[in-house]
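The structure under discussion appears below in the form of structure tokens.
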Amino acid sequence: MMEDRSGIGKGNRVLLDKLHQLVKGPFTPADAATLLSVDPGRARRLLNLLSRHGWLSRVRRGLYVLVPLGASEPKAWREDPWAVAATAFAPCYVSGWSACEHWGLTDQIFSDVVVVSAASLRHRSVLLQGTMFRLKYAPLVKHFGTRPAWRGMTRVEVADPTKAVVDILDDPSLGGGVKHVAEVVDTYFAGEHRSDKTLLDYVERLGNRTVYKRLGHILEAIGIQAEGVVEVCGKNLSAGLSLLDPTGPKGGRIQKKWRLRVNVELSRRSPS
């Protein structure tokens, strides 16, 4: 049964119609004030009214999305999570396992969405409209290697295949742990997205030399043929001992060549 969404008055209906014409995704009261040419106070009151009557869905405090006019259950309607992320955590891009799924680098399905943001983050995980967002802070200088993806009318930046690999080598927790990271690396090197030069350029640009350690070890441990990449990794190791998987056990054997504590063992892939 269609929910009753009346009770907003003729003048407010005109403003609602204008929002539907102009808005292209999640928006703030400030956005509404600009688009509707009304003062900020009027815009806030209008959005609050429209939200109470089911014409808008409140993503979080100060962020709204329009509910389609034909929605049969307005209160249950949800915006595309990537579109929500693009506004809620801007400036940001989608990365980690979410980008790996997008580019076909993994067959695993993850319900959470990984977002790398340059905004000030109070929490590492945020639940919005029923979706859990896994957040990582990174300054804008590290927001490179992205491509646009369109979710409806909303442009969302997503890590390209190579940047997705580099990001999960930098922080294996964003890739579901180092075992899954190794599977993604294997798929990357065997597939159409492989670019050894771009990969090494991105690692250098990121500036975390521990990535060289993890990449070199993974390539050798699972038997990927990439001698040139392994050689470059071996010449750029950071000093000291690093954990292969920072979220794994604290113990493990020491791999002197890569200056790694191998706290998670990887299986060598079967010959193709």
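Cβ-Cβ distances below 9 Å connect the following pairs, each with a first residue in the range 1-14 that is at pLDDT 80 or above, a second residue that is not in a loop (DSSP other than H, G, I, E, B), and a separation of six or more residues or different chains: 9/49; 12/46; 12/49; 12/50. If the condition is being outside any loop (DSSP other than H, G, I, E, B) and charged (D, E, K, R), then the range 22-47 contributes 31, 42, 44, 45.
Looking for something more than 22 Å from the chain's Cα centre (by Cα) and within 14 Å of residue 162 (Cβ to Cβ) - is there at least one such residue anywhere in the range 196-212? There is at least one residue in the range 196-212 that is more than 22 Å from the chain's Cα centre (by Cα) and within 14 Å of residue 162 (Cβ to Cβ).
Can you say whether residue 194 is open to solvent by 50 Å² or more (accessible area, probe 1.4 Å), closer than 27 Å to residue 237 by Cα and not in a helix (DSSP H, G or I), as far as the supplied structure shows? Yes, satisfied. Residues in the range 202-231 that are within 27 Å of residue 140 (Cα to Cα), open to solvent by 50 Å² or more (accessible area, probe 1.4 Å) and part of a helix (DSSP H, G or I): 204, 205.
Does the range 146-155 contain any residue that is at pLDDT 95 or above and surrounded by 18 or more Cβ atoms within 10 Å (Cβ to Cβ)? For the range 146-155, residues at pLDDT 95 or above and surrounded by 18 or more Cβ atoms within 10 Å (Cβ to Cβ): present.
Residue check: residue 183 meets all listed conditions (1) open to solvent by less than 30 Å² (accessible area, probe 1.4 Å); (2) assigned to a helix (DSSP H, G or I); (3) within 24 Å of residue 107 (Cβ to Cβ) but one, namely (1).
Considering only the range 232-272, how many residues are buried (at least 17 other Cβ atoms within 10 Å of the Cβ) and not charged (D, E, K, R)? The total comes to 14.
One line per residue, one yes/no per condition, for (1) open to solvent by 10 Å² or more (accessible area, probe 1.4 Å); (2) at pLDDT 85 or above:
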position: 55; (1), (2): yes, yes
position: 66; (1), (2): yes, yes
position: 77; (1), (2): yes, no
position: 100; (1), (2): no, yes
position: 107; (1), (2): yes, yes
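The values are calculated or read from the model by the stated rules, or taken from the named source; none is laboratory data. The structure displayed is predicted, hence computed values, not measured ones. Please note: Cβ atoms are built from the backbone with ideal geometry, for glycine as well, and neighbour counts cover all protein chains shown. In case anyone asks, the SASA skips ligands and DNA or RNA and just uses the protein heavy atoms, side chains included. Shrake-Rupley method; radii C 1.70, N 1.55, O 1.52, S 1.80 Å.
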